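Derivation of every value follows stated rules applied to the coordinates shown; laboratory data play no part. Fair warning: this is a prediction, and the values are worked out from it, not measured in the lab. All Cβ positions, even for glycine, are placed from backbone atoms using ideal geometry, and neighbour counts span all protein chains on display.
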Amino acid sequence: MNSGQRLAIVYSIATGSSVARYVTRGFFSLREFPQAFARMVLTGEFGLFVGIPLVLLVAARLFQHLLPRADTLATVLTIIAVLWLIIGLVRISRYGRSSGIGCYALETDGSLGQLAGGLRMRLERPSRKLWIAGLLVEPEWRGAGIGTALILAAFRLAWQQAAHGTVTVCVFAPSHPASKAIIEKQLGGLQTIAVTVQPSEMQKRTMDRLEQALSKSQSTFDWRLTDTEQPIF
Ligand SMILES: CC(C)(COP(=O)(O)OP(=O)(O)OC[C@H]1O[C@@H](n2cnc3c(N)ncnc32)[C@H](O)[C@@H]1OP(=O)(O)O)[C@@H](O)C(=O)NCCC(=O)NCCS
């Protein structure tokens, strides 16, 4: 674990897409994917979008083999499963465009060095939902508070954007023990929190807890959430 290093948490319209791609690439890399996928299978979201139609398809097969004249039931179950999958895919596609918040190691002259981690967002425009759709920190940087800082950055960004209307921060399928720890300890177990200009008790408590957790980190964070005056949705 790297600690005591200066890091920058950066959001800008210019870097947002490349950070989102970095998180996706990292998640699907040979290094992360097997473990990340194994954990993902145990999330409620995976059960809802993939598990239920899979169970229906298996049930359709079983009925066909075990029960005589169960063809109609098997067909109905298969149709429901396929429709379920399609509706799920449509729902996920409506989570909106991707963008990202990056965490960069800072060079001695203050310029941005390598990416140490990133948070991928999906920005759902009509409902003003900021989905936290992916979180990735490079192995050598884990445990230094970067995951916590990136979640706090998403809340800060949402808070700035709340000037244009309430933003709901939603965490999609947290699977890693560290992501779950952040939700349990800092987000009070909630995966959905409304962010308004005048913060609600819950919003205040969440952001305070994230800040407190971060104050324990030995790393120093520079906040560079530029462009946040412009609407991001
Ligand atoms: C999940 C991930 C982004 C966390 O990043 P991180 O920078 O290490 O997280 P933090 O240092 O901010 O730690 C957050 C909390 O989780 C705890 N934690 C960290 N690693 C942990 C682990 N392996 N098991 C359990 N808890 C852990 C920390 O102690 C901290 O809690 P605290 O504030 O009470 O001390 C990182 O581990 C990662 O990239 N994992 C692989 C990709 C992945 O699975 N992403 C998540 C998809 S939901």
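Things worth noting here:
- Each residue of the range 130-135 is assigned a 3J(HN,Hα), and the resulting list reads 9, 7, 8, 9, x, 9 Hz, derived from the Karplus form 6.51 cos²θ - 1.76 cosθ + 1.60 (θ = phi - 60°), x at Gly and Pro.
- Whole-Å distance, taken between Cα centres, linking the range 8-39 and the range 169-233: 18
- Trypsin sites (Lys or Arg not before Pro) restricted to DSSP loop in the range 174-224 with at most 14 other C-beta within 10 Å: 216
- The range 119-233 - percent relative contact order, Cα under 8 Å, separation 6 or more: 30
- Loop-exposed GluC sites (Glu not before Pro) per DSSP, neighbour cap 14 Cβ within 10 angstrom, longest uninterrupted part of the chain: 108-228
- In sequence order, the range 171-180 has phi-based couplings of 9, 8, 6, x, 10, 6, x, 5, 5, 5 Hz under the Karplus curve 6.51 cos²θ - 1.76 cosθ + 1.60, θ = phi - 60°, and Gly or Pro positions carry x.
- Computed [θ] at 222 nm, deg cm²/dmol, the chain (DSSP H ≥ 4; -39,500 (n - 2.57); rounded to nearest 500): -14000 deg cm²/dmol
- Near residue 134, the amide H atoms lying under 5 Å from its own belong to 120; only residues 5 or more places off or on other chains count, and H is placed 1.01 Å from N.
- Dipole of the chain [Lys/Arg +1, Asp/Glu -1 at C-beta], most positive-end residue of 42, 88, 127: 88
- 18 Å Cα-Cα reach of residue 216 towards aspartates and glutamates, excluding residues that sit fewer than 8 places from it in its own chain: 184, 208
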